[in-house]
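A short write-up of the structure that comes next.
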Amino acid sequence: NRHHESVDELRDRVKGVSAKPFIETLPCIDALHCDIGNAAEFYKIFQLEIGEVFKNPKASKEERKRWQSTLDKHLRKKMNLKPIMRMNGNFARKLMSQETIEAVCELVPSEARRTALRELMELYLKMKPVWRSSCPSKECPELLCQYSYNSQRFAELLSTKFKYRYEGKITNYFHKT
């Protein structure tokens, strides 16, 4: 009960979402779910880059499963990351690292695509401490100053190098990030 609500207020809350107006929800970003959402997106990007979807967007379901299997086996071998059914916080934190991107780049055939992936992850890792922090101006002021530029470059990369996935649309968590 982080809002310190009374028993009646809690009962009111249990009635369901329709019982409370939407505007009353807290406008804050849940960092854990942001981690999970972003990691799920990166995991998908990794698979698509392994399969070079930018060249062949009409890949079959079997091919896509093969890319996922290749990625899972490689991550298990290189980083001891065991495949999971549903993205969770621990897997997300391990996945979103410089070590992971280097392992994934070993599977990506094109040097230009490896460079784009590395830059995307590098920007993400620079931005993450800012939105994970409760007071970024005190905890990471230099990263806070770079945040606007980094987020613009991140969005630019998604809309250019990864436009096969983000043509005119971007996931909610990437948008919040």
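The values are calculated or read from the model by the stated rules, or taken from the named source; none is laboratory data. Note that the structure is predicted; figures quoted are calculated from it, not measured. Cβ atoms come from the backbone with ideal geometry, glycine included; neighbour counts cover every protein chain shown.
What the table below lists for this structure:
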{"item": "Qualifying residue in the range 52-63 (condition: out of contact with any strand residue (DSSP E or B) (no Cβ under 6 Å at 6 or more places or on another chain), surrounded by 14 or more Cβ atoms within 10 Å (Cβ to Cβ), part of a helix (DSSP H, G or I) and in contact (Cβ under 8 Å) with a residue 24 or more places away in the chain)", "result": "no"}
{"item": "Single match in L81, L71 (criterion: within 21 Å of I36 (Cα to Cα), among the hydrophobic types (A, V, I, L, M, F, W, C) and at pLDDT 95 or above)", "result": "L71"}
{"item": "Hits in the range 125-142 - residues which are part of a helix (DSSP H, G or I) and either touching a Lys or Arg at 6+ places or on another chain (Cβ under 6 Å) or loosely packed, with under 13 Cβ neighbours inside 10 Å (or both)", "result": "S137, K138, P141, E142"}
{"item": "Boolean, E102 is surrounded by 13 or more Cβ atoms within 10 Å (Cβ to Cβ) and either under 17 Å from the mean Cα position of the chain (by Cα) or part of a helix (DSSP H, G or I) (or both)", "result": "yes"}
{"item": "Those residues of the range 94-126 which are of a type outside the set (V, I, T) and closer than 12 Å to H74 by Cβ, in sequence order", "result": "E102, A103, C105, E106, L107"}
{"item": "Residues within the range 12-57 that are at pLDDT 70 or above and on the phi < 0 side of the Ramachandran plot, tallied", "result": "27"}
{"item": "All positions within the range 80-99 that are part of a helix (DSSP H, G or I) and loosely packed, with under 15 Cβ neighbours inside 10 Å", "result": "G89, N90, R93, Q98, E99"}
{"item": "Residue tally, condition farther than 20 Å from S159 by Cα and surrounded by 15 or more Cβ atoms within 10 Å (Cβ to Cβ), over the range 105-124", "result": "2"}
{"item": "Members of the range 82-97 found to be without any contact (Cβ under 8 Å) to a residue 40 or more places away in the chain and closer than 19 Å to L125 by Cα, listed by number", "result": "N90, K94, S97"}
{"item": "Failed criterion for L144 (all others in (1) more than 21 Å from F162 (Cα to Cα); (2) at pLDDT 95 or above hold)", "result": "(2)"}
